[in-house]
Each structure stands twice: as structure tokens, then as C-alpha cells.
Amino acid sequence: MPVINRLAELAPAITEWRRDIHAHPELLFDTRRTSALVAERLRAAGCDEVATGIGRTGVVGVIRGRSTASGRVVALRADMDALPIREATGLDHASRTPGRMHACGHDGHTAMLLGAAQYLAETRNFDGTAVVVFQPAEEGGGGGREMVADGLMERFGIQEIYGMHNWPGLPVGDFAIRPGPLMAGSDDFTITVAGRGGHAAFPHQTVDPVVAASAIVLGLQSVVARNADPLAPAVVSVTSFRSESDAFNVIPEQVELRGTARSLDPAVQDLIENRMQALVEGVAAAHGATAALNYRRSYPVTANAPAQTEFAARVAAGIVGEGRVDTDTPPVMGAEDFSFMLNARPGAFIFVGNGDSAGLHHPLYDFNDELIPVGCSYWARLVETAMPASRIGDD
């Protein structure tokens, strides 16, 4: 596998960085230790500029090539935050904080981009500026949105931006990408159903919100099954059903439902919200209850720009071979807040294989360190290929 020789040499050190981050997971925007470690590594690598506090706790490094005459500015992004999951791996580098773990590989993403940054700062075999972006709060906090809102693109003059995520089940080092929608838009909703409580032995004297809410849960399944185009992927899932009472013999006054809606098309996103509003109110009224829907747009669809997708696939193929790069991988209904960055600038998001590991967000998951030289080489070659220098030195 033609990875860059220098990055193969650095792989043991990068692995240690990754495992240290894994052992000290931090959630959402509270990535203060990780952000400090990233900033320290970037300064030690010799970045021309290191900025902290972007989008609250994001970190950005700027690396100028041997020349910047091209005026090109290309950004690479990694996410830093962990998940509120209790780790069950039993590994030596397992989480030291109960109830938190790097179950999505953001520790590996961060370490690989740090390794690439060190190589790029050492060699500078490109004509332009590389910007390395380390983002907090991908796991539900919208850190990508916050960094964009904080002026990320304008402040650093970013023209294109690229992201990468490990993918369990895909062979180690294989890549997968597609133009257009790659990951779903993700919305969250809360439905509050109100009735009239009372003694469970006398239900006729109540307006039972549990029954009304149950009918709403079943009715919501028709939004995808009967309203959305069968050829347009969509998901509506109720994931929580709560009442204010735990007693066996009490019909509560109120029930709360929570869930998520996913789609690959903004028009389908609008359809889901509109149909949910009508269905929730109508079904509740049919049971004599009332219901209020709070529908929140969370992450947009992650859509790759065609030209940047073709370029990213070509760079990946140059490292692992064309036969190991799937350029028409099916889209997935998971969501990514790199979508906010792709909405601000053209770019592409690519999957890299994590091998036969536990799935993402699983307590037995661990990032596969074997792919570190591959991922680092992809980042480095992307910069060198996008902004070629007049003379490229040896690896």
C-alpha cells in the first residue's frame, strides 16, 4: 500500500496520540483537554498560525506551502468529541471517564489530521495554504454550524473543504464516496400530548393521553409509508415515550414523545414536518386530547460537490488503487454536521474502512490504528495534489 514513507514512520507516535485522546473522552463543546492537546501539537509541528476558540472550542491550524502564489486555500476537517456511552472494550487505552467514550472514531480522525499536519508543515510541498480544522460537538451539538457562524471560512479564506470518517465493515484502507447526498439530513422532534388524568379504574372519566400518544406513534409510520415517495429515502422514528407518572393505577395528564426524522432531500424534509404537524393534531383531537409538535431542524443533508468528489476519489485511488475506492457507495441515513461546512464551501466527505470492528456508537467499538498511515497519506496527498508545487521532494 503506497502510503507516504514519513507518515509510516510517524504512525506509532500518531497511534499514541490517538489512544491518549481515546482514554480522555470529552463531550460536545467541552473538549478543553483535547483542544489544548491539538493546539500544542500544531504549534510543535511548526504551523504558521494556530487559532483556538473558533466555534467555542474549535482549533484551526494554518500551514503555508513553499509558495502561496497560486492563492489556493484548501481546508481539511476532523471532529474531536466523544459520546455519552459506557465503554466495554476492556482495552488498556479504554476511557478513564465512566459514561463517556470515543465510540465513533473521532479520536482517530483527530490523530490522523494531526499527523498529516505535521508532515505538511515539515515538507511544505505545495503552492498555497492548507487549513486544518478541528471541530467540537459533532455528536448532536452542531459544532460545524458554530464554526461556520464564527467566521471560519472568511477568516481563513477557505475555498474548498474536505472531511473523512472511518466506516466499520469496509475493509481497512478502502474508501467509499459518492457525488450528491451521502448522509441524511437529521431533524429532532418532541410531541407533547395533553389529556385529563385520573384513576386507571375509571378511564371513562379521563381523556387518556397514553392512548392518544400511542395512536400518534402508530400514525407517524404512515408519513413515510404513505406520504413520502417510495424512491426517496426517509425515516421517522419515535425513540422515547414518557409520562409524568410511574404509578400503576394513574392515568397521567400528559405524555411526551421524542424522536428523529431523516431524509436525503430538503423537499422530503419539508413534507415530513408538514405531515407530522397535521397528523399529530388530528389524531390527538380524535381522542379528545390536544398535542403540540416541536420540530427542530438539526443537521442538513451532507451533499458532496461533484468536482470535489471526483478529485477526492482520484487522490484516494492514488494511495490504495482504483479497485479499492467505491465511487458510487449508497447513501446512509446517519447524519453529519460537516454538512454545514459543505453548505458554505464546495467540498467532499469520504468514508475510509475501519475493518471488521464493532459498529459506530457501540460500547465495544474501537478505531482501527492500522488505517492511520492510509488516512494521513490521503490528507497529505489531497493538499499536495490540489495545490501542486513546482518541485515535489522525496517522501
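The values are calculated or read from the model by the stated rules, or taken from the named source; none is laboratory data. The model shown is predicted, which means the values in this text are computed figures rather than measured ones. Here the Cβ is made from the backbone with ideal geometry for all residues, glycine too, and neighbour counts use every protein chain on show.
Scan region 272-286 and tell me whether some residue there is at pLDDT 95 or above and closer than 23 Å to Glu336 by Cα.
yes
Which of the residues that make up region 354-368 are surrounded by fewer than 24 Cβ atoms within 10 Å (Cβ to Cβ) and assigned to a strand (DSSP E or B)?
Gly355
Could you check region 369-395 and list, in sequence order, the residues that are surrounded by 20 or more Cβ atoms within 10 Å (Cβ to Cβ) and assigned to a loop (DSSP other than H, G, I, E, B)?
Listed by number, the list holds a single entry, Met387.
Restricting to region 225-278, give me the number of residues that are farther than 18 Å from Asp208 by Cα, surrounded by 15 or more Cβ atoms within 10 Å (Cβ to Cβ) and of a type in the set (A, V, I, L, M, F, W, C).
11
Just give me the residues in region 303-344 being surrounded by fewer than 23 Cβ atoms within 10 Å (Cβ to Cβ) and assigned to a loop (DSSP other than H, G, I, E, B), in sequence order.
If the condition is that a residue be surrounded by fewer than 23 Cβ atoms within 10 Å (Cβ to Cβ) and assigned to a loop (DSSP other than H, G, I, E, B), then Ala305, Gly321, Thr327, Asp328, Thr329, Pro330, Pro331, Met333, Gly334, Ala335 are the ones that fit.
Name the residues in region 1-48 that are assigned to a loop (DSSP other than H, G, I, E, B) and over 23 Å from the mean Cα position of the chain (by Cα), would you?
Answer for region 1-48, where residues must be assigned to a loop (DSSP other than H, G, I, E, B) and over 23 Å from the mean Cα position of the chain (by Cα): Met1, Pro2, Val3, Ile4, Gly46, Cys47, Asp48.
Please name all residue pairs, on different chains or six or more residues apart, with Cβ atoms under 6 Å, provided the first residue is in region 49-71 and is assigned to a loop (DSSP other than H, G, I, E, B) and the second residue is of a type in the set (Lys, Arg).
Qualifying pairs under 6 Å: Gly65/Arg124; Arg66/Arg124.
Can you name every residue in region 256-284 that is over 18 Å from Gln221 (Cα atoms) and either more than 21 Å from the chain's Cα centre (by Cα) or part of a strand (DSSP E or B) (or both)?
Matches in region 256-284: Ala267 only.
For region 295-302, does any single residue satisfy the condition of being of a type outside the set (Phe, Trp, Tyr) and loosely packed, with under 15 Cβ neighbours inside 10 Å?
Checked against the condition, which is being of a type outside the set (Phe, Trp, Tyr) and loosely packed, with under 15 Cβ neighbours inside 10 Å, region 295-302 yields at least one hit.
What is the one condition in (1) in the same structural domain as Arg18 (by TED's automatic domain parsing); (2) within 20 Å of Leu83 (Cα to Cα); (3) out of contact with any Cys (no Cβ under 9 Å at 6 or more places or on another chain) that Ser240 does not satisfy?
It fails just one condition, (1).
Residue-by-condition table, conditions (1) under 21 Å from Gly58 (Cβ atoms); (2) modelled with pLDDT under 95:
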residue	(1), (2)
Pro2	no, yes
Leu10	no, no
Ile14	yes, no
Arg19	no, no
His22	yes, no
Leu37	yes, no
Glu40	yes, no
Ala45	yes, no
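Quick check on my filter: what residues within region 343-395 are aromatic (Phe, Trp, Tyr) and at pLDDT below 95?
none
In this structure, does Asp229 turn out to be touching a strand residue (DSSP E or B) at 6+ places or on another chain (Cβ under 8 Å) and charged (D, E, K, R)?
Here the answer is no, as Asp229 does not meet what is asked.
Spot the failing condition for Ile14; the list is (1) touching a residue at least 60 places away in the same chain (Cβ under 8 Å); (2) over 18 Å from His109 (Cβ atoms), and only one is missed.
Single failed check for Ile14: (2).
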